[in-house]
Amino acid sequence: MKIISIALLVVLGCGLAVFAAAAPAQGQNGVVIVYASRYGSTAKTAEWIAEGMAGKATVVSAGEAGDLGGYEKIILGSGIYNDKLHVDMAAFLEKQGAEVQEKLIALFVVCGAPPDQAGPYLEMFAEKCQAKPLLARVFNGWMKKELLSPEDYKGLENYYKSVNQPFENYDSTEKAKCFEFGKEILAVLGEMK
Ligand SMILES: Cc1cc2nc3c(=O)[nH]c(=O)nc-3n(C[C@H](O)[C@H](O)[C@H](O)COP(=O)(O)O)c2cc1C
């Protein structure tokens, strides 16, 4: 009987340890990064920001965000397409705007325009959130022609022709800059405690 009880305790203990290891960061600090990305660079940026936060944030796409009731703070990031937010981010804000207003701490956009000219995208994003984030940042992403939908390909081809610039692949992502932003967010969170 005693041996069975000990064995049961060991099994239970192991189960709990596995559960704790697999549990999302949610229980630790309750921060979630919700991103919307068409071609991956915004998703990568979100991942790098989370890395800068020492993994203390859960990263989810806006399309799959679901119930965020378990999170205390929200960070939002969207790619920019024809001067607009990703449709999934717009839909997310439409649905969960009240929660965003209450919990938003940081915003970021990922775009092709140079960061010093992309301020209006952040302003537009904050306006749509109806909230003022403590931190906001512009990042550059990538353009990989092989990933583009036929519609986007055509649209961008026409755009680059109209501005007399070559339509070429680029990767202007900067992991270190994303990492730094993550660290800044952690510092702000620390000050709020
Ligand atoms: C169809 C399309 C439209 C775009 N329009 C803009 C734009 O209006 N302004 C801008 O700065 N960048 C624009 N870009 C560049 C994207 O914002 C940039 O490639 C960004 O890294 C995309 O993020 P993603 O890889 O997460 O989709 C556009 C890209 C595409 C594909």
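Looking across Lys144, Lys132, Lys128, Lys103, one residue alone is among the basic types (Lys, Arg) and loosely packed, with under 12 Cβ neighbours inside 10 Å. It is Lys132. The set of residues from region 159-178 being touching a residue at least 24 places away in the same chain (Cβ under 8 Å) and either surrounded by fewer than 10 Cβ atoms within 10 Å (Cβ to Cβ) or within 13 Å of the ligand (Cβ to nearest atom) (or both) comprises Glu168, Asn169, Tyr170, Asp171, Ser172, Thr173, Glu174, Cys178. Taking first residues from region 101-127 that are more than 25 Å from Tyr170 (Cβ to Cβ) and partners that are assigned to a helix (DSSP H, G or I), the Cβ contacts under 6 Å between residues at least 6 apart in sequence or on separate chains come to Leu104/Cys129; Ala106/Ile185.
Identify all residues within region 112-141 that are touching a Cys at 6+ places or on another chain (Cβ under 9 Å) and either more than 16 Å from the ligand (Cβ to nearest atom) or of a type outside the set (S, T, N, Q) (or both); write none if there are none.
Residues of region 112-141 that are touching a Cys at 6+ places or on another chain (Cβ under 9 Å), as a first pass: 118, 121, 137-141.
Of everything in region 112-141, those that are touching a Cys at 6+ places or on another chain (Cβ under 9 Å) and either more than 16 Å from the ligand (Cβ to nearest atom) or of a type outside the set (S, T, N, Q) (or both) turn out to be Ala118, Tyr121, Arg137, Val138, Phe139, Gly141.
Of all residues assigned to region 85-92, at least one qualifies as being buried (at least 21 other Cβ atoms within 10 Å of the Cβ), part of a strand (DSSP E or B) and within 11 Å of the ligand (Cβ to nearest atom). With respect to Val59, is the statement that it is away from the ligand (no atom under 16 Å from the Cβ), of a type in the set (Val, Ile, Thr) and on the phi < 0 side of the Ramachandran plot true? Against the criterion (away from the ligand (no atom under 16 Å from the Cβ), of a type in the set (Val, Ile, Thr) and on the phi < 0 side of the Ramachandran plot), Val59 does not qualify.
I need a count of the residues in region 16-53 that are at pLDDT 95 or above, more than 16 Å from the ligand (Cβ to nearest atom) and either part of a loop (DSSP other than H, G, I, E, B) or basic (Lys, Arg) (or both). Spell out how you get there, then give the answer.
From region 16-53, those at pLDDT 95 or above are 31-53; that's our starting set.
Imposing the further condition that a residue be more than 16 Å from the ligand (Cβ to nearest atom) reduces the set to 31-32, 51-53.
If we keep only those that are either part of a loop (DSSP other than H, G, I, E, B) or basic (Lys, Arg) (or both) as well, we get 53.
Total meeting the criteria: 1.
When you scan region 77-84, do you find a residue that is within 16 Å of the ligand (Cβ to nearest atom), over 23 Å from Gly30 (Cβ atoms) and assigned to a loop (DSSP other than H, G, I, E, B), even just one? Yes, because at least one residue in region 77-84 is within 16 Å of the ligand (Cβ to nearest atom), over 23 Å from Gly30 (Cβ atoms) and assigned to a loop (DSSP other than H, G, I, E, B).
Assess whether Leu107 counts as being more than 27 Å from Glu157 (Cβ to Cβ), modelled with pLDDT of 95 or more, more than 9 Å from the ligand (Cβ to nearest atom) and touching a Phe, Trp or Tyr at 6+ places or on another chain (Cβ under 8 Å).
Details: more than 27 Å from Glu157 (Cβ to Cβ): yes; modelled with pLDDT of 95 or more: yes; more than 9 Å from the ligand (Cβ to nearest atom): yes; touching a Phe, Trp or Tyr at 6+ places or on another chain (Cβ under 8 Å): yes.
When the stated conditions are applied, Leu107 passes them.
The values are calculated or read from the model by the stated rules, or taken from the named source; none is laboratory data. Fair warning: this is a prediction, and the values are worked out from it, not measured in the lab. So basically every Cβ, Gly included, is an ideal-geometry build from the backbone, and we count neighbours across all protein chains shown.
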